[in-house]
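Some notes on the structure that comes next.
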Amino acid sequence: QVQLVESGGGSVQPGGSLRLSCGVSGSIFRLAEMGWYRQAPGNQRELVARSIIGGTTDYAESAKGRFTCSLGNAKNTVYLQMDSLKPEDTAVYYCNALLLTTGGASWNTYWGQGTQVTVSS
């Protein structure tokens with residue numbers, strides 16, 4: 001079994017900052033990438049940022065210059081530092097991981113339970 005656990009969501013005023021954390025655990029043979037998506041009410045889930053293990057990090061245009069996605073030293077943790085937050089950043093933020101489980105035959109994407117981020121004055 002694989003589990004992703006997120007933390008760090010909450011409410012903040014426009015211009016404020018939040019830091020999200022996500023750890024993945026379980027029968028992991030190899031981890032390929034970890035990242036963050038978000039879903040606002042009435043909208044589809046969209047990519048915020050993703051980091052390839054040992055590779056690059058990609059950002060959505062809306063996140064560039066304001067958000068920083070980084071991997072922990074153990075490479076099974078991913079962080080999302082969000083600065084200069086705007087009301088339109090309000091959404092449920094989901095962590096995901098692309099990995100191969102021990103004894104698994106294919107790569108699969110796993111999701112966390114989501115954490116609410118609300119930006120409002």
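Read the figures in this text as sums done on the coordinates, not as results from a lab. Remember, it's a predicted structure, so these values are computed and weren't measured experimentally. Using ideal geometry, Cβ is built from the backbone for each residue, glycine included, and neighbour counts are taken over all protein chains shown.
Numerical summary
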quantity	calculated
For the chain, projected area of the alpha-carbon convex hull averaged over all directions, nm²	7.3 nm²
Most mobile of 48, 12, 78 in a GNM of the chain (Cα contacts under 10 Å)	12
Residue-count net charge about residue 46 - beta-carbon cut-off 13 Å; Lys, Arg +1, Asp, Glu -1	-1
Dipole magnitude (debye, nearest 20) for the chain, charges at Cβ of Lys, Arg, Asp, Glu	160 debye
